[in-house]
Amino acid sequence: MHVFYTYLFLTDFQQDAFLAILRFVLILLVIFHVLRHVRDTRSSIGWIGFTLIMPITGFILYMMFGVNRVVHRAQKLVNNRPWHNKLLDNMTRYYIKGHFYPLAKVVEGFTGRPLLIGNNVEPLFNGDDAYPVMLEAINSAKVCVFLSTYILKSDETGKAFADALIAAQQRGATVRVLVDGIGSGYFYCPISRYLKKNGIKMDRFMHSFLPWKMPFINLRTHKKILIVDGKVGFLGGLNIANENVLALHPKHPVSDTHFKITGAIVHELTEAFLQDWFFITAEDLNKRSFYPETETAGNMICRIITAGPDSDIEKIKYTMMQAISLARKSIRIMTPYFLPDDRFLSLLSLAAIRGVDVEIVIPEQSNQRLVDWARNINNLMPLQHGCKIWLVKAPFNHSKLMVIDRIWSFVGSSNVDMRSLRLNFEINMEIYHKEFAENLDDFIGFHRHKLLTLEELENRSIIAKFRDATTRLLLPYL
């Protein structure tokens, strides 16, 4: 503020000189930081070029969107990790053989988590199926309830979950709630006030009004996790809001897929939540009671995979890419937003060229118009090389599913777009189980409504093509 007042009393010549020096210093700061910390060459050129043209605006935007403070913060916490769990013995660990062995080996290498056997995974469709089962689990809680979600609205559905959480804590259970700092309301988050007023410990992920703590703008937690007593867990794409209950006939209905999991894999899910909770609050919840003895719940082989900008490796993205490279017969992907980078698209195209049946199933119209425009350009490459892209009719389908060769399944919170695969904090689960994969593959196939053709995209008007190409420039942040 003192600098501002001093500037006002300078002569015109002095003001011009001051601004020239300020621009020069800001340009140097951005160039120095970009060259040291930004790995992507295109991003580096973009930030430097933009700052050279508009030094002050470029500096501000770079500080808001270009600086990854999360890695530094995560490294400071790496030596204090309360979520390590040593209860899993060799009876629950599993080692894959056959043509998926390279995938299992790679994923274990960069996640540090083993494949676990003895699990059961049950699909739940829309809030109509999922919410009653989730609420029933919370209402039975005796030890702990951990909830993390992108959206927790203060509507009828959100209040039902909040009241169940409050009741669980009153019964003596440890309750922790983590919601996204933007997804659940940036300026006003009524459900947060309601929970805190009733004694629930909850936090908003990377939320701050301070301009020098800007990672909250574009680094979001997109995870949807619920764990009860360390014995039953839920994950998938389902947020908590009335719009997901189709029976309520909401104005903007959202169809989605969630999963109830039991068995040893719940330990890895608990670990993932406690890692995030400690990352945000530094509260140590390393309690033996949160990791009960594992019980065999089925014969599914599973592993939890978390990813985010706190790591140098885009773990979910590389898991998907490795699986695509190993596909022999079929690849089915269902996602609400399909905006991967060129490497991902190239792998899909190569799979189609070598004879793999590649099908991508996306909404005919999503809830993000800009995304729909940008994806038109991205869809050209896979269509040119034999991939099939199917459009799903309304309601908007928010499911995130992937099946390879009707054997390997990948489910969770991550969309197939650059935001999810590079910027968001996400959680997925891989499942090696033939019957489950076949059912999920058939579920994806059931939603195929209209086949998108290359001719249809190429026959768009010049204005539409220009609009779509311009929108695609925003691809990393859509």
Next item on the list: Evaluate the distance, in nm, between pseudo-label points positioned 7 Å from the Cα of GLN170 and of LEU451 along their respective Cα→Cβ axes.
Entry: 5.8 nm
Check: So which of LYS105/LYS317; LYS393/LYS434; LYS224/LYS251; LYS197/LYS223; LYS223/LYS260 end up more than 18 Å apart, counting from Cα to Cα?
Finding: LYS393/LYS434; LYS224/LYS251; LYS197/LYS223
Margin query: If you take every DSSP beta bridge fully contained in the chain, what fraction is antiparallel? Give it as a percent rounded to 5.
Written below: 65 percent
Notebook entry, point to check: Once you sort the root eigenvalues of the Cα gyration tensor of the range 300-448 as a ≥ b ≥ c, which label holds: rounded (a/c under 1.5), prolate (a/b larger than b/c) or oblate (the other case)?
Noted result: rounded
Next item on the list: Answer with one residue from VAL30, LEU473, ASN424: the one whose Cα lies farthest towards the positive end of the charge dipole of the chain, charges on Cβ with Lys, Arg +1 and Asp, Glu -1.
Entry: VAL30
Item checked: the range 380-478, accessible area per residue, ligands and nucleic acids excluded (1.4 Å, Å²) -> 43 Å²
Next item on the list: Order these peptides, 329-342, 352-365, by their mean beta-carbon neighbour count within 10 angstrom, highest first.
Entry: 329-342, 352-365
Next item on the list: Leaving ligands, DNA and RNA out of it, report the carbon-plus-sulfur percent of the accessible area of the chain at a 1.4 Å probe.
Entry: 58 percent
Next item on the list: Could you tell me what % of all Cα pairs in the chain have separations over 42 Å?
Entry: 19 percent
Notebook entry, point to check: About its Cα centre, how strong a charge dipole does the chain have in debye, to the nearest 20, once Lys and Arg get +1 and Asp and Glu get -1 at the Cβ?
Noted result: 720 debye
Checklist line | Helix-only CD estimate at 222 nm, as mean residue ellipticity for the chain, using -39500 (n - 2.57) per DSSP H run (n ≥ 4) | finding: -12500 deg cm²/dmol
Check: With the dipole of the range 316-454 worked out from charges on the C-beta (+1 for Lys and Arg, -1 for Asp and Glu) around the Cα centre, which of ILE360, GLN322, ILE444 lies farthest toward the positive end?
Finding: ILE360
Checklist line | Nearest-0.05 FRET efficiency for LYS196 and ASN139, computed from C-beta distance (R0 25 Å) | finding: 0.75
Next item on the list: Would you work out which of HIS249, LEU383, THR294 lies farthest towards the positive end of the dipole of the chain? Charges go on Cβ: Lys and Arg +1, Asp and Glu -1.
Entry: THR294
Next item on the list: Kindly rank 19-26, 413-420, 297-304 from highest to lowest mean number of other beta carbons found within 10 Å of each residue.
Entry: 413-420, 297-304, 19-26
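The values are calculated or read from the model by the stated rules, or taken from the named source; none is laboratory data. All of these numbers come straight from a predicted model, not from anything done at the bench. Glycine also receives a Cβ, built like all others from the backbone with ideal geometry; neighbour counts cover every protein chain displayed. These accessible areas exclude ligands, DNA and RNA; they are computed on the full protein's heavy atoms, side chains included. Shrake-Rupley method; radii C 1.70, N 1.55, O 1.52, S 1.80 Å.
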